[in-house]
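Every number in this text was worked out from the coordinates using simple rules, so none of it is lab data. This structure is a prediction, so every number in the text was calculated from the model and none was measured. When we count neighbours, we look across all protein chains shown, and the Cβ atoms used for this are built from the backbone with ideal geometry, even at glycine.
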């Protein structure tokens with residue numbers, strides 16, 4: 001049964017979307033994908049870190065593995081590789097098997113004590129998840145409105161409390 005979503009609910013769900021030109025759709029990677037710089041344990045820990053930051057039960061691990069693939073590609077830079085290695089060390093080798101509360105605590109600790117790693121992970125997660133047009137569809141986001149003349153006359157003008165112009 002499909003329900004009509006309120007404007008407030010739509011905005012709440014879509015508020016984290018990053019809309020910018022140049023994004024492309026990535027098919028989900030297989031959870032067992034191989035990476036150039038990361039072993040399976042480190043890749044799984046990074047994936048769970050991205051999932052902890054932006055938890056969506058309806059997204060498969062493959063969407064989060066796209067974040068890991070982007071970070072792995074950036075690890076060809078020695079400074080980025082060290083930043084990721086240090087961040088993963090702080091999270092611990094067992095990060096992916098911990099309960100949600102423990103993972104959240106670890107992420108708060110990393111945010112305060114290794115902001116460079118946290119910033120990299122946060123940014124790549126936003127771009128990798130919310131920049132994916134397949135995820136837009138799952139969230140009910142229609143994409144950019146600029147090429148359609150904006151949102152005003154496309155069903156987003158349903159706020160009764162705004163004064164009529």
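Overview of values
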| quantity | calculated |
| --- | --- |
| For peptides 64-71, 84-91, 52-59, sequence by mean Cβ density within 10 Å, most packed first | 64-71, 84-91, 52-59 |
| The stretch 55-130: C-alpha gyration tensor shape, a/c 1.5 cut-off, then a/b vs b/c | oblate |
| Gain on full stretching of the segment that runs from residue 164 to residue 138 - 0.36 nm per residue minus C-alpha separation | 6.1 nm |
| Cα-projected label distance for residue 90 with residue 119, points at 7 Å along beta-carbon direction, nm | 1.2 nm |
| Length added when fully stretched, residue 108-residue 40, from 0.36 nm per residue minus Cα-Cα | 22.1 nm |
| Order of 107, 48 - criterion: other Cβ atoms within 10 Å of each residue's Cβ, fewest first | 107, 48 |
